[in-house]
1. Take segment B:13-31 and flag every residue that is within 18 Å of the chain's Cα centre (by Cα), of a type in the set (S, T, N, Q) and either surrounded by 15 or more Cβ atoms within 10 Å (Cβ to Cβ) or over 17 Å from B:ALA63 (Cβ atoms) (or both).
2. Just one of the numbered conditions (1) modelled with pLDDT of 85 or more; (2) surrounded by fewer than 14 Cβ atoms within 10 Å (Cβ to Cβ); (3) under 24 Å from B:VAL139 (Cβ atoms) is not true of B:MET69; which one?
3. Name every residue in segment A:62-71 that is surrounded by fewer than 18 Cβ atoms within 10 Å (Cβ to Cβ) and not charged (D, E, K, R), in order of residue number.
4. For the structure I just gave you, tell me whether B:LEU161 is over 19 Å from the mean Cα position of the chain (by Cα), within 14 Å of chain A (Cβ to nearest Cβ) and surrounded by fewer than 17 Cβ atoms within 10 Å (Cβ to Cβ).
5. How many of the residues making up segment B:148-167 are closer than 19 Å to B:ASN82 by Cβ and either part of a loop (DSSP other than H, G, I, E, B) or among the aliphatic types (A, V, I, L, M) (or both)?
6. Mind listing whichever residues of segment A:83-111 are crowded, with 18+ Cβ neighbours inside 10 Å and over 28 Å from A:GLU213 (Cα atoms)?
7. Output the number of the condition that B:GLU226 fails; it satisfies all remaining conditions of (1) surrounded by fewer than 15 Cβ atoms within 10 Å (Cβ to Cβ); (2) more than 9 Å from every other protein chain (Cβ to nearest Cβ); (3) acidic (Asp, Glu).
8. For A:GLY127, only one of the following conditions fails: (1) more than 17 Å from the chain's Cα centre (by Cα); (2) crowded, with 18+ Cβ neighbours inside 10 Å; (3) without any contact (Cβ under 8 Å) to a residue 40 or more places away in the chain. What is its number?
Amino acid sequence: MGRGSLATRVLGGTAGLLLAAGLYLGLVVVPPDAVQGDVQRIMYVHVPSIVTAYIAFFVVFCTSILYLWKRDLRFDAVAVSSAEIGVVFTGITLATGMIWGKPTWGVWWTWDARLTLTAILFTIYVGYLMLRAFAEEPLAGARYGAVLAILGFLDIPLNHLAVYWWRTLHQPSSILRPGGPSVASDMLLPLAMNFAGLVLLSTYFLVERVRLERLRHRTAEVRLTRGRRG
Amino acid sequence: MVAELLRRTWAMTWKDVTVELRARERINAMLFFAALVLFIFNFALGPDRETLREVAPGLLWLAFLFTGMLGLGRSFQAERENECFEELLLTPGDRESIFFGKLAGNILFMVTAEALILPLFGILYNLDIWGLLPSLALVAFLGTVGFSAIGTLLAAMTAHLRAREVMLPLLLFPLTVPVILGSVRATEAILAGGGLSEVSHWLKLLGGFDVIFLVVCPLAFEFVLEE
């Protein structure tokens with residue numbers, strides 16, 4: 001169990017190759033955006049990151065329900081690992097968004113609906129990770145975490161409604177919208193490659209992180225039995 | 001079945017209220033803190049009446065929420081400090097009655113604090129709120145129910161954590177953003193002279209939030225209390 005299996009390493013390698021190719025296409029080959037210029041290229045990281053983060057949080061939601069139902073710690077290990085991945089990619093989304101926002105909107109941050117929602121999402125799941133870290137007893141931590149993850153996910157549509165009524169400035173979605181995507185087709189290829197790359201990379205992280213979590217459980221068990229004998 | 005649940009809920013609430021009436025450790029702290037918050041805001045923002053009028057709805061709700069949070073934190077910590085958690089779990093019947101009982105107590109304490117904050121707020125900041133009290137009370141109540149529902153659940157959870165005083169607000173505020181936004185916007189419109197019909201969409205959002213979490217939180221509570 002010292003190293004990941006061959007399949008995981010292949011997975012990680014494929015993710016790396018896809019991302020490298022997608023980034024090369026997006027940053028070098030594809031011509032700059034007609035209006036925004038080179039700044040627009042940050043989209044090739046920004047958009048796939050947030051989609052990946054949402055997928056990760058959905059995984060946390062599903063595995064949390066499964067944990068409360070089946071009481072199998074493997075589900076909890078997936079939930080906590082996926083939450084970490086989601087937080088990292090939400091962080092990347094916020095950071096790249098700010099870097100894009102400064103030259104485009106003239107400000108690093110504005111309380112527009114989508115920015116606000118992403119920030120709220122970030123705080124909810126950072127709270128989740130802190131809760132896990134501060135739990136005195138691992139099993140209680142797993143239960144509390146699962147409960148919080150379910151609450152947090154149910155909260156998303158309500159947040160959505162509240163924040164959209166409050167304000168809206170972000171440019172509307174340009175790919176998932178009625179009437180087909182409005183992004184030039186040569187921009188779509190690197191976007192799709194990066195998206196696939198990030199999903200594979202997250203899966204790779206997830207597999208490795210779950211393995212780590214299980215090693216941790218085993219260490220704790222071994223310590224416990226040794227303590228009893230000694 | 002429902003009568004039984006109500007009876008047990010009432011017993012739980014009555015226990016908390018009696019403890020509070022005898023020891024007065026929660027409500028006194030909440031009331032004094034609320035008054036202090038209103039006091040401090042004045043120093044932070046200066047005496048300019050126009051500025052104060054603009055930020056008034058936000059201030060009012062910050063006072064409500066901070067005070068409420070103070071009370072929520074105590075609701076399960078007190079049980080833990082007095083080593084009453086096991087006895088709480090031994091009470092017969094569904095765990096839901098513990099949740100609803102605690103929730104009713106928490107709402108009661110928070111509403112009591114709000115009943116003091118609201119007039120004090122009107123006096124200290126020279127706002128003519130007296131004719132608007134019924135509509136403000138409705139918004140305050142809807143906001144308080146949603147905030148307390150999630151708050152009661154989280155208070156039960158964080159009572160068992162390290163750094164529990166810090167963790168409650170860290171988990172509570174991000175989850176209650178819809179309540180905070182809805183309540184503040186509705187209060188803003190009411191203070192500006194708009195009637196209840198003008199804020200009906202916010203009231204619906206608050207109502208929807210309350211209903212969803214009044215259903216989900218008691219269910220989730222069962223998993224939190226397990227030992």
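1. Across segment B:13-31, the qualifying residue is only B:THR13.
2. Every condition holds for B:MET69 apart from (2).
3. The first filter runs over segment A:62-71 and keeps only residues surrounded by fewer than 18 Cβ atoms within 10 Å (Cβ to Cβ), leaving A:62, A:65-66, A:69-71.
The answer is A:CYS62, A:ILE65, A:LEU66, A:TRP69.
4. On the way: over 19 Å from the mean Cα position of the chain (by Cα): yes; within 14 Å of chain A (Cβ to nearest Cβ): yes; surrounded by fewer than 17 Cβ atoms within 10 Å (Cβ to Cβ): no.
Judged against the criteria, B:LEU161 is not a match.
5. So the first thing to find is which residues in segment B:148-167 are closer than 19 Å to B:ASN82 by Cβ, and the list is B:152, B:155-161, B:164-165.
The next check asks that each one be either part of a loop (DSSP other than H, G, I, E, B) or among the aliphatic types (A, V, I, L, M) (or both); those that pass are B:155-157, B:159-161.
Of the residues in that region, 6 qualify.
6. Passing the criteria: A:THR96, A:GLY97, A:TRP100, A:GLY101.
7. Here B:GLU226 clears every test but (2).
8. (1)
The values are calculated or read from the model by the stated rules, or taken from the named source; none is laboratory data. The structure displayed is predicted, hence computed values, not measured ones. A quick note on method: Cβ atoms are made from the backbone with ideal geometry, for glycine too, and the neighbour counts reach across all protein chains shown.
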